[in-house]
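Accompanying notes for the structure given below.
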Amino acid sequence: MSRIGVRIWTRGRIRPELSGLVLLTAAALALAAPPPLANARPVAAQPAPAAAAFTVEEQRLDGAVPQEILRRSGFDAVAPEFVRALRHAGSYAEAERTVERQGARLWQRAVDRAQGRGPALGDLSRDDDRPLYWARLGLTRELRAWEPEFRLSEAARSALIEKLERSSRGQDSMDFPAGKGHRGLKRIVMTGFDPFTLDRDIRISNPSGATALALDGTVISTADGPARIETAVFPVRWRDFADGTVERALRGPLSKADLFTTVSQGRVGRIDVERFNGAWRGGFGDNENIGETGLVPVTDPASQPQWTVTSLPYETITAADTGRFPVYDNTSVTEIPAGATAPVVRPDGPTPGSAARAGGGGDYLSNEIAYRATLLRDRLGLEIPGGHVHTPVLQFGAGNTDPATGTVTDPEFVQNRLDIIAQIRTIIAVAAGVS
């Protein structure tokens, strides 16, 4: 089993309660049978009290696969660099600056790697999104364990972790250049997600996150002129969404954007433009093994609609030749009709007065980010194209599908991801080309 050792720092030390903490092994996690999903209730068994100091995501970090991904991408140096930077933070203000700077540096490093700038520092393909995910967890774990010389309350530590999350996800750097040289340049916002279902297969990559890294800050050609894309990645955690992370990150960028699309991994072998988004959480476990069931929590719930609708040009997108995967206008939803009590599937969208139970994108966080982003569009009074696109499931190659015996990458896996990235880029260009 892996062990957290005590580091000797010139300024700051490991928190005493975390010294020598033995993390749960992958085998132990696999043996924990999850109870039925319920509102705000852990899906997996509660960890031992000592292990509760680190999150479920952070506890996965010392597994063989995450460590291999970090080593083969050169991102294994990120956490030690962060620790060295923290040594020089003698006040909370200095810690804030250090955390924001290091988080932004990690995001830019991942973007640069994905876009071919600088050395690859490893043999993993540049399009891989997983080094960013696992390196970020290394930083949050170090920050959670850090005991500086100055007093740091748990609330202040949480605020630092939130700053690290935002800056290392590109959420606070979605800025569109202004000035004479950028007039006529369309502005596009695109979001992706972290890998998820990691207890099922810890090798998983998320093509939406990989696409975000590949497209951040790029300028593409469209039928209506050039367009610049700004991107961010979001966590697969119910609590962050309930805390308003989507609205905080997107409110400013959407107010300046000409188009936006939230993107996530969806179904096998196809791409879906999701027509309707529902105000319902279906309870599937997130990356912290927490399930949430109930209405999507938003500000001003009295004005909350059961459904929001895409404003992406879905007819143009589905008619275009964008790549190898078929693209569908998905209008199916699950609803409880007005006056009824049982949910039914409606292939052609919701009926008047119905209660949402699943949007076209389901009842998980992909549906929720689509719901939140389009609700934000409506509440801001923005008349811009926007909605959700589901990528195909990113699949490993034949003979490499068993996580117990498989490798972390293979040529078919890489090609699948590259094809998805290229097709989403083309879909965005098609959507942005509609005047």
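Within the chain, what's the longest stretch lacking chymotrypsin sites (Phe, Trp or Tyr not before Pro) that sit in DSSP loops with no more than 16 other Cβ atoms inside 10 Å?
With a cap of 16 other Cβ atoms within 10 Å, the longest stretch comes to 151-435.
What are the residues whose amide H is under 5 Å from the amide H of Ile290, where those residues sit 5 or more places off or on another chain and H is modelled from the backbone?
HN-HN under 5 Å from Ile290: Val43.
Roughly speaking, what % of Cα-Cα pairs in the stretch 192-340 are separated by over 19 Å, rounded to a whole number?
Summing the P(r) of the stretch 192-340 above 19 Å gives 65 percent of all pairs.
Please list, by residue number, every one of the GluC sites (Glu not before Pro) in the stretch 359-435 that is coil in DSSP and has at most 16 other beta-carbon atoms within 10 Å.
Filter output for the stretch 359-435: Glu383.
Let's test the formula: R0 of 41 Å, r as the Cβ-Cβ distance of Val344 and Leu380. What FRET efficiency results, to the nearest 0.05?
With a Förster radius of 41 Å, E is 0.80.
For the stretch 78-92 and the stretch 350-410, what is the separation of their Cα centres, given in Å?
36
State the percentage of accessible surface on the chain attributable to carbon and sulfur atoms; use a 1.4 Å probe and exclude ligands, DNA and RNA.
Reported share for carbon and sulfur atoms: 53 percent.
Starting with the highest mean, order 97-106, 423-432 by the number of other Cβ atoms within 10 Å, averaged over the residues of each peptide.
Descending packing order for the listed peptides: 423-432, 97-106.
Would you calculate a helix-derived [θ] at 222 nm for the chain, using -39,500 (n - 2.57) for each DSSP H run of n ≥ 4 and dividing by the full residue count, to the nearest 500?
-10500 deg cm²/dmol, from helical runs alone.
Any idea how far the Cα center of the stretch 110-129 sits from the one of the stretch 269-318, in Å?
With the stretch 110-129 and the stretch 269-318 each reduced to a Cα centre, they are spaced 32 Å.
Could you state the accessible area per residue of the chain in Å², with a 1.4 Å probe and every protein chain left in place?
41
How big is the charge dipole of the chain about its Cα centre, in debye rounded to the nearest 20, if each Lys and Arg gets +1 on its Cβ and each Asp and Glu gets -1 on its Cβ?
1040
Expressed as an acute angle from 0 to 90° and rounded to the nearest 10, what is the orientation of the C-alpha long axis of helix 245-256 relative to the principal long axis of the chain?
Approximately 50 degrees, to the nearest ten.
The values are calculated or read from the model by the stated rules, or taken from the named source; none is laboratory data. Model, not experiment: these values are computed from the prediction. As a convention, Cβ positions derive from the backbone with ideal geometry for all residues, glycine included, and neighbour counts pool all protein chains shown. Please note that ligands, DNA and RNA were not included when accessible areas were found on the heavy atoms of the full protein model with its side chains. Shrake-Rupley method; radii C 1.70, N 1.55, O 1.52, S 1.80 Å.
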